Amino acid sequence: MSQVDLSELVRQRIRGLRQARGWSLDALAARCHLSPSTLSRIETGHRRIDLDQLVALAQALGSTIDQLVEPVDDADVIIRPMERQEPGLTTWVLSRDAAQHGGRFVAKMRITPERRSGPGHLTVHPGREWFTVLDGTAVLYLGERQMTVRRGEAAEFSTMIPHSIGAPAGPVEILTMFDQDGERAHAD
């Protein structure tokens, strides 16, 4: 990304954050100790942003300099998940960095009857898990309980309870969200 493109992106972000908060130029200018005309010239590109102004604007907008100047390209937007297979389970991780998402991962899973699940195959790990069934019917084994989760339904549970998800009646596709401990457990 060129310097000109980055400057335009920063100006758009400043204007967008100001407008999202419902603030006028005068309101933001007062919060960051700039004149409204200076702020207007910054937003329209008729004035370069000095570092001290960028710091003041970021603070006033409840943002950081890093967030204001973070470059954007297709790699920052499009996730091309790698397929991971094991008997009866195919997983596609659909999120990048768990640290940016409160430690959570999102994945799509395709479970087939070949996956070992049920009372003899329960796992335990710290955290929570949530999933929704996209297609088919899943069976959630949760401790002593066995629950059917159909297309369009969701389940959420503590992963400290022994658990597994199976598809004894045929393939099932789920969208799931779990934390870093869950990601490690699913990767084993």
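The numbers here are math on the coordinates, done by the rules we state, and not lab data. Nothing here was measured: the structure is a model prediction, and the numbers come from that model. Positions of Cβ are backbone-derived with ideal geometry, glycine not excepted, and every protein chain shown enters the neighbour counts.
What does the extension gain come out to for Thr44 and Gln67, with contour length at 0.36 nm per residue minus their alpha carbon separation?
Here the answer is 6.3 nm.
By count of other Cβ within 10 Å, fewest leading, how are Arg116, Arg128, Arg18 ordered?
Lowest to highest Cβ neighbour count: Arg116, Arg128, Arg18.
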